[in-house]
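Peer 1: Structure in structure tokens, see below.
The values are calculated or read from the model by the stated rules, or taken from the named source; none is laboratory data. Remember, it's a predicted structure, so these values are computed and weren't measured experimentally. Note that each Cβ is placed from the backbone with ideal geometry, even for glycine, and that neighbours are counted across all protein chains shown. Ligands, DNA and RNA are stripped out before the accessible areas are found, and what is left, the full protein with its side chains, is counted by its heavy atoms. Shrake-Rupley method; radii C 1.70, N 1.55, O 1.52, S 1.80 Å.
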Amino acid sequence: MGNFENNRAKLEGRLTENSVAILFAGQAPYKRGDEQYPFSPDRNFYYVTGIERENCIFFMAKTASGITTTLYIPRDNGILAKWVGSNITVEEAREQSEIEQIEFVDSFLKDFGAFLFKHNIKTVYLDLENRDWNASPTASLSFAKELGEKYPAIQLQDLYPIFSDLRLIKDEWELERMRRAMHITEEGFFAMMENARGGMMEYEIEAFFDFVLTKRGVRHKAFQTIAAAGKRSTILHYVENNQQTKDGDLILVDAGAQVGWYNGDITRTFPVSGQFTERQKVIYNIVLSGQKKVIETIQPGVAFSRLNEVLKDHYLIELKKLGLAETMEDITKYYYHGVSHYLGAETHDIGRYMDRDLQEGMVLTVEPGLYIEEWNIGIRIEDDVLVTHDGCEVMTQNMLRTVDEIEAFMAKGRKV
């Protein structure tokens, strides 16, 4: 059984009898005129199809007659193929997805209506994820609205929590893609550290990362790179990357490569001139020792929320020594995000956090940070971790980590 066929079997097991599930690949939105944004397939659609093309639809039905699976694709785009490339063919779709039944999207609504009536379908599953009241509706949300109007007796069920569970535990083929993405991300960081100099623009340092990705055939980043020097490193999602660094600055870089739609996600904070100041070393080592404590805590059965508690307990002890904190409430001035998130086909991969215990096969980040604006110091250290049967594996173990390692590597790169 192939990777995506196996994923479909997992989904099939979660559907109720007399139901259908529908997923949309999505479509790249227009910027303006005839220019579109780059297309990125809906990850739940990709998870069960392996198809990377837009305007496709996945249909699965579970009835007394058995399982019916159909992939709907656009028809041949004719002369337009000379401008944008040809649409996927039936043969290509069948080979890539291992779905035998391929139809065209212009027949989907007719087929869908007929199937509902013929099989007396009671339940339709759609991906109803919606994190923002003001966000534009997804294809699934728009379809759900129309479905409710035309078939008011149909019961809607949400696929989001189902996929949140399915995608949480990674198969080996997924881990292979992530390891490749992480390895390329590591290589990009080494290039930045080797070439960084005081006086460079933040985007000049970032460019060394981009060059490595391009050289390795990576066409998509996991997310927009953060390259924040000096006081800007205290802004969590600073992405302008357009200011000049200076000797004595730390630069916080949060970056990741994407391979086969799976991601790496690493953060390192390093001195642009190659040497930490004594004050920077103190804060860096507090963050690093906090990361070590969190990683040592990770094992199956541990509550996800426990990881942040371990870090905050550590910070309270260490920041008291520096006179920066007296109570746990004081910590929030210098640390104002969670220490971890799931990682996979999305950088912040889907899945619930607060009521979840860690399980073998999860991949998560460990990214403690301290952001002391009055000292112009923002430090975050992020690695990617796989939960194993008796603990965890740091998947980004090759990355430089300690002050001594970073300084020695950067000094080597500066020898004439």
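Here's the yes/no breakdown for (1) open to solvent by 70 Å² or more (accessible area, probe 1.4 Å); (2) farther than 25 Å from residue 272 by Cβ; (3) among the β-branched types (Val, Ile, Thr); (4) modelled with pLDDT under 95:
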residue: 344; (1), (2), (3), (4): no, yes, no, no
residue: 359; (1), (2), (3), (4): yes, yes, no, no
residue: 372; (1), (2), (3), (4): no, no, yes, no
residue: 381; (1), (2), (3), (4): no, no, yes, no
residue: 384; (1), (2), (3), (4): no, no, no, no
residue: 405; (1), (2), (3), (4): yes, no, no, no
residue: 410; (1), (2), (3), (4): no, no, no, no
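Peer 1: Now for a different question. Pairs only if they're at least six apart or on different chains, beta carbon under 6 angstrom, first in the range 378-395 and free of Cβ contacts under 8 Å to residues at least 40 places away in the same chain, second part of a strand (DSSP E or B); list them, first residue then second.
Peer 2: What qualifies is 393/386.
Peer 1: Just need a number here: residues in the range 99-146 that are aromatic (Phe, Trp, Tyr), open to solvent by 80 Å² or more (accessible area, probe 1.4 Å) and either under 30 Å from residue 349 (Cβ atoms) or touching a residue at least 24 places away in the same chain (Cβ under 8 Å) (or both).
Peer 2: First, the residues of the range 99-146 that are aromatic (Phe, Trp, Tyr): 104, 108, 112, 115, 117, 125, 133, 143.
Of the ones still in play, those that are also open to solvent by 80 Å² or more (accessible area, probe 1.4 Å) are 117, 133.
Restricting the remaining residues to those that are either under 30 Å from residue 349 (Cβ atoms) or touching a residue at least 24 places away in the same chain (Cβ under 8 Å) (or both) gives 133.
Here the count works out to 1.
Peer 1: Ok, one more. Looking at the range 171-196, which of its residues are in a loop (DSSP other than H, G, I, E, B) and either open to solvent by 20 Å² or more (accessible area, probe 1.4 Å) or over 30 Å from residue 226 (Cβ atoms) (or both)? Give the derivation first.
Peer 2: As a first pass, look at the range 171-196 and keep what is in a loop (DSSP other than H, G, I, E, B): 171, 196.
Correct list: 171 only.
Peer 1: Could you please find all residues in the range 167-188 being in contact with a Phe, Trp or Tyr (Cβ under 7 Å, 6 or more places away or on another chain) and not small (Gly, Ala, Ser)?
Peer 2: Restricting attention to the range 167-188, the residues satisfying the condition of being in contact with a Phe, Trp or Tyr (Cβ under 7 Å, 6 or more places away or on another chain) are 167-168, 174, 177-178, 181, 188.
Hits for the range 167-188 are 167, 168, 174, 177, 178.
Peer 1: So, one more: Picking from 21, 9, which residue would you name as being under 14 Å from residue 59 (Cα atoms) and touching a residue at least 40 places away in the same chain (Cβ under 8 Å)?
Peer 2: Values: 9 fails: touching a residue at least 40 places away in the same chain (Cβ under 8 Å).
Checking each option against the conditions leaves just 21.
Peer 1: Given the criteria among the polar types (S, T, N, Q), open to solvent by 40 Å² or more (accessible area, probe 1.4 Å) and in a helix (DSSP H, G or I), does residue 214 qualify?
Peer 2: Working: among the polar types (S, T, N, Q): yes; open to solvent by 40 Å² or more (accessible area, probe 1.4 Å): yes; in a helix (DSSP H, G or I): yes.
Against the criterion (among the polar types (S, T, N, Q), open to solvent by 40 Å² or more (accessible area, probe 1.4 Å) and in a helix (DSSP H, G or I)), residue 214 qualifies.
Peer 1: Oh, and also: Would you point out the residue of the range 66-79, among those that are at pLDDT below 90 and open to solvent by 90 Å² or more (accessible area, probe 1.4 Å), that is nearest to residue 27 (Cα to Cα)? Let's see the steps before the verdict.
Peer 2: As a first pass, look at the range 66-79 and keep what is at pLDDT below 90: 76-79.
Still in the list and also open to solvent by 90 Å² or more (accessible area, probe 1.4 Å): 76, 79.
Details: 76: 17, 79: 20 Å.
Here the answer is 76.
Peer 1: Further question: Looking at this structure, is residue 177 free of Cβ contacts under 8 Å to residues at least 60 places away in the same chain and within 17 Å of the chain's Cα centre (by Cα)?
Peer 2: Numbers: free of Cβ contacts under 8 Å to residues at least 60 places away in the same chain: no; within 17 Å of the chain's Cα centre (by Cα): yes.
Judged against the criteria, residue 177 is not a match.
Peer 1: Can I ask one more? Considering only the range 315-325, I want to know if a residue exists there that is farther than 19 Å from residue 370 by Cα, part of a helix (DSSP H, G or I) and open to solvent by 20 Å² or more (accessible area, probe 1.4 Å). Quick ask: steps written out before the conclusion?
Peer 2: Taking the range 315-325 and keeping what is farther than 19 Å from residue 370 by Cα, we get none.
No: the range 315-325 contains no residue that is farther than 19 Å from residue 370 by Cα, part of a helix (DSSP H, G or I) and open to solvent by 20 Å² or more (accessible area, probe 1.4 Å).
Peer 1: Scan the range 147-157 residue by residue and report those that are open to solvent by 40 Å² or more (accessible area, probe 1.4 Å), out of contact with any Gly (no Cβ under 9 Å at 6 or more places or on another chain) and either of a type in the set (Asp, Glu) or within 22 Å of residue 42 (Cα to Cα) (or both).
Peer 2: Result: 149, 157.
Peer 1: Quick one: would you say residue 165 is surrounded by 11 or more Cβ atoms within 10 Å (Cβ to Cβ) and either of a type outside the set (Asp, Glu) or closer than 30 Å to residue 341 by Cα (or both)? Break it down into steps so the answer makes sense when it comes.
Peer 2: Details: surrounded by 11 or more Cβ atoms within 10 Å (Cβ to Cβ): yes; either of a type outside the set (Asp, Glu) or closer than 30 Å to residue 341 by Cα (or both): yes.
Considered against the rule, which asks whether it is surrounded by 11 or more Cβ atoms within 10 Å (Cβ to Cβ) and either of a type outside the set (Asp, Glu) or closer than 30 Å to residue 341 by Cα (or both), residue 165 comes out as yes.
Peer 1: Here is a follow-up. Identify the single condition in (1) closer than 25 Å to residue 345 by Cβ; (2) of a type in the set (Val, Ile, Thr); (3) touching a residue at least 60 places away in the same chain (Cβ under 8 Å) that residue 16 does not satisfy, given that it satisfies every other one.
Peer 2: Result: residue 16 passes all but (1).
Peer 1: If I filter the range 326-342 down to residues being among the aliphatic types (A, V, I, L, M) and either surrounded by fewer than 11 Cβ atoms within 10 Å (Cβ to Cβ) or not in a loop (DSSP other than H, G, I, E, B) (or both), which single residue comes out as farthest from the chain's Cα centre (by Cα)?
Peer 2: Within the range 326-342, the first condition is being among the aliphatic types (A, V, I, L, M), and the residues that meet it are 328, 331, 339.
Next, only the ones that are either surrounded by fewer than 11 Cβ atoms within 10 Å (Cβ to Cβ) or not in a loop (DSSP other than H, G, I, E, B) (or both) stay: 328, 331.
Values: 328: 30, 331: 27 Å.
Here the answer is 328.
Peer 1: Output the qualifying pairs, or none if there are none: Cβ atoms under 6 angstrom, residues six or more apart or on different chains, first residue in the range 47-69 and in contact (Cβ under 8 Å) with a residue 60 or more places away in the chain and under 17 Å from residue 127 (Cα atoms), second residue open to solvent by 30 Å² or more (accessible area, probe 1.4 Å) and outside any loop (DSSP other than H, G, I, E, B).
Peer 2: The qualifying pairs are 61/68.
Peer 1: Write out, first by first residue and then by second, each pair whose Cβ atoms fall under 6 Å of each other, whose residues are 6+ apart or on separate chains, and whose first residue, in the range 308-320, is free of Cβ contacts under 8 Å to residues at least 60 places away in the same chain and closer than 19 Å to residue 358 by Cα while the second is among the hydroxyl-bearing types (Ser, Thr, Tyr) and part of a helix (DSSP H, G or I).
Peer 2: 310/297
Peer 1: Are there any pairs with C-beta distances below 7 angstrom linking a residue in the range 157-169 that is of a type in the set (Phe, Trp, Tyr) to a residue that is part of a helix (DSSP H, G or I) and surrounded by 19 or more Cβ atoms within 10 Å (Cβ to Cβ), with the two at least 6 apart or on different chains, and if so which?
Peer 2: Listed by first residue and then by second, the contacts come to 163/44; 163/47.
Peer 1: Next up: Scan the range 14-65 for residues that are open to solvent by less than 40 Å² (accessible area, probe 1.4 Å) and among the basic types (Lys, Arg) and jot them down.
Peer 2: Selection gives 43, 62.
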